[in-house]
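Visitor: Below is a structure I'd like to ask you about.
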Amino acid sequence: EVIRSIEELKCRSFHPEVVKKAISLSLDEGPRERELISRLLTCLHPTPLSDADMEEGFEILLQGLEELSIDCPDAKTMVGSFLARAVVDEVLPPAYLSTQNNERPGDPVVEKAVSLLSREHCTARLEHVWGPGDGRPVAELKTVLDQLLKEYLMSRELDEAARCVREMNASHFHHELVKRGVTHAMETADPKDALDAMSALFSFLTKNAIVSEYQVAKGISRLNKLLPDLSLDIPSAPELLSEFEIMVKERGCLPSSPKRVEVASPKPAENGTAQ
């Protein structure tokens, strides 16, 4: 339908604007919509939108980013991700980024794209650059959570971790973030230090209204139910979990009026993926 509409316009000079407009509109939407736009650009290339149309469209977008950033503070980061994804999808040639790097030295958008493309297994990662909020199954969401948490434990960058959690667009699943975060921390060489870092992360997320106190409490409730199994691999798990609960209470991550958090029994997903 989109291809037919573009062809019916019979206005090739407007093709770059299609690229610019599509990406601009998605910046105010969620990960699912941005994934759809990335796929749309792939479908539109090389016909009806040529290499030149794509390159000019991104050029127009980059020129207007300052204005876009007023209404969407994360615009530069997201456009950097669109650039890198377009290179992986062969919508843009790698040489385009080299040219932009020379013409815009130090540009944070271009540097973001280059950084994403320089990572190990960048193709696989960029195929999922918009996270599981694009409608992917729960099993894949868990994989993304593991990657996010492990990278946080290495870097301790709160802002970057918070951005990733926000972009996942899965607030109903934040209890899993807590459960997996605490488990990963317990498995490190220095679990107490790692748990302190995790409590700092959940404090940052709750104070910035990214993760609710209820979800933190639910994650801890699930961990308490799993303690017998956790203790088989991590004998000190009960003591470590007790210490973690004290940390998050002191940092104000739990509801002020304690109430029992019920954990529903896992149900099979409709698409058959494991919960």
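Visitor: Using just the Cα positions, wrap the range 84-178 in a convex hull and report its mean projected area in square nanometres, one decimal place. Don't skip to the end; give the middle numbers.
Guide: On the way: hull surface 27.2 nm².
Result: a mean projected hull area of 6.8 nm².
Visitor: Any chance you could give the angle, 0 to 90 degrees and rounded to 10, that helix 174-186 forms with the longest Cα principal axis of the chain?
Guide: 70 degrees
Visitor: Of all the accessible heavy-atom surface of the chain, with the other protein chains kept in place and a 1.4 Å probe, what percent is carbon and sulfur?
Guide: 51 percent
Visitor: Tally Lys and Arg at +1 and Asp and Glu at -1 over the other residues with C-beta under 15 Å from the C-beta of His15: what net charge comes out? Write out the running numbers ahead of the final one.
Guide: Values: positive: Arg4, Lys10, Arg12, Lys20, Lys21; negative: Glu7, Glu8, Glu17, Asp51, Asp53, Glu55, Glu56, Glu59.
Here the charged neighbours net out to -3.
Visitor: OK, next. Suppose we keep just the alpha-carbon trace of the range 1-115; what are its Rg and Dmax in angstrom?
Guide: Rg then Dmax for the range 1-115, in Å: 13.4, 40.
Visitor: What does the charge add up to near Asp74, with Lys and Arg as +1, Asp and Glu as -1, over the other residues with Cβ less than 10 Å from its Cβ?
Guide: Numbers: positive: Lys76, Arg163, Arg166; negative: Glu167.
Net of charged neighbours comes to +2.
Visitor: Further question on the same structure: Could you work out the relative contact order of the range 1-150, using alpha carbon pairs under 8 angstrom and six or more residues apart, expressed as a whole percent?
Guide: Dividing the mean separation by the residue count of the range 1-150 yields 27 percent.
Visitor: Which value, in Å³ per residue, describes the convex hull spanned by the Cα atoms of the range 129-206? Don't jump to the answer; show the numbers that get you there.
Guide: Values: hull volume 6.3 nm³, N = 78.
Spread over its residues, the Cα hull of the range 129-206 gives 81 Å³ apiece.
Visitor: Given points 7 Å out from each Cα along the Cα-Cβ axis, report the Ala189 to Leu232 separation in nanometres with one decimal.
Guide: The answer from the label model is 2.8 nm.
Visitor: Got the relative contact order for the chain handy, in percent, Cα pairs under 8 Å and 6 or more residues apart?
Guide: The value is 15 percent.
Visitor: Please state, rounded to one decimal and in Å, the Kirkwood hydrodynamic radius that the chain gives when every pair of distinct Cα atoms enters the mean of 1/r.
Guide: It works out to 20.7 Å.
Visitor: If R0 is 22 Å, what FRET efficiency do you get for Ser69 and Glu111 from their C-beta distance, rounded to 0.05?
Guide: Approximately 0.90, to the nearest 0.05.
Visitor: Hey, what's the range 1-77 come to in accessible area per residue, 1.4 Å probe, Å²?
Guide: Counting only protein heavy atoms, the per-residue value for the range 1-77 is 57 Å².
Visitor: Moving on. If you build a Gaussian network model of the chain, linking Cα atoms that sit under 10 Å apart, which residue out of Asp229, Asp196, Asp28 swings the most?
Guide: Answer for the Gaussian network model of the chain: Asp229.
Visitor: Which whole number of Å³ per residue matches the convex hull of the alpha-carbon atoms in the range 1-41?
Guide: Working: hull volume 2.5 nm³, N = 41.
Once divided by residue count, the hull of the range 1-41 is 62 Å³.
Visitor: Compute the signed sum of charges (Lys and Arg +1, Asp and Glu -1) over the other residues within less than 12 Å, Cβ to Cβ, of Pro48.
Guide: 0
Visitor: Further question: If I take R0 = 45 Å and measure r between the Cβ atoms of Ile60 and Asn224 in this structure, what FRET efficiency does the formula 1/(1 + (r/R0)^6) give, to the nearest 0.05?
Guide: Values: r = 54 Å, r/R0 = 1.20.
Efficiency computed from Cβ-Cβ geometry: 0.25.
Visitor: Looking at the range 89-235, how many pairs of lysines come closer than 20 Å at the Cα, when each pair is eight or more places apart or spans two chains?
Guide: Value for the range 89-235: 11.
Visitor: In 10 Å bins starting at 0, how do the alpha-carbon pair distances of the range 8-66 split up by percent?
Guide: Bin by bin from 0 Å, the calculated values are 23, 54, 22, 0.
The values are calculated or read from the model by the stated rules, or taken from the named source; none is laboratory data. Because the structure is predicted, anything quoted here is derived from the model rather than measured. For neighbour counting, all protein chains shown are included, and Cβ atoms are generated from backbone atoms with ideal geometry for every residue, glycine included. When the accessible area is computed, the model is the full protein with side chains, heavy atoms only, and any ligands, DNA or RNA have been set aside. Shrake-Rupley method; radii C 1.70, N 1.55, O 1.52, S 1.80 Å.
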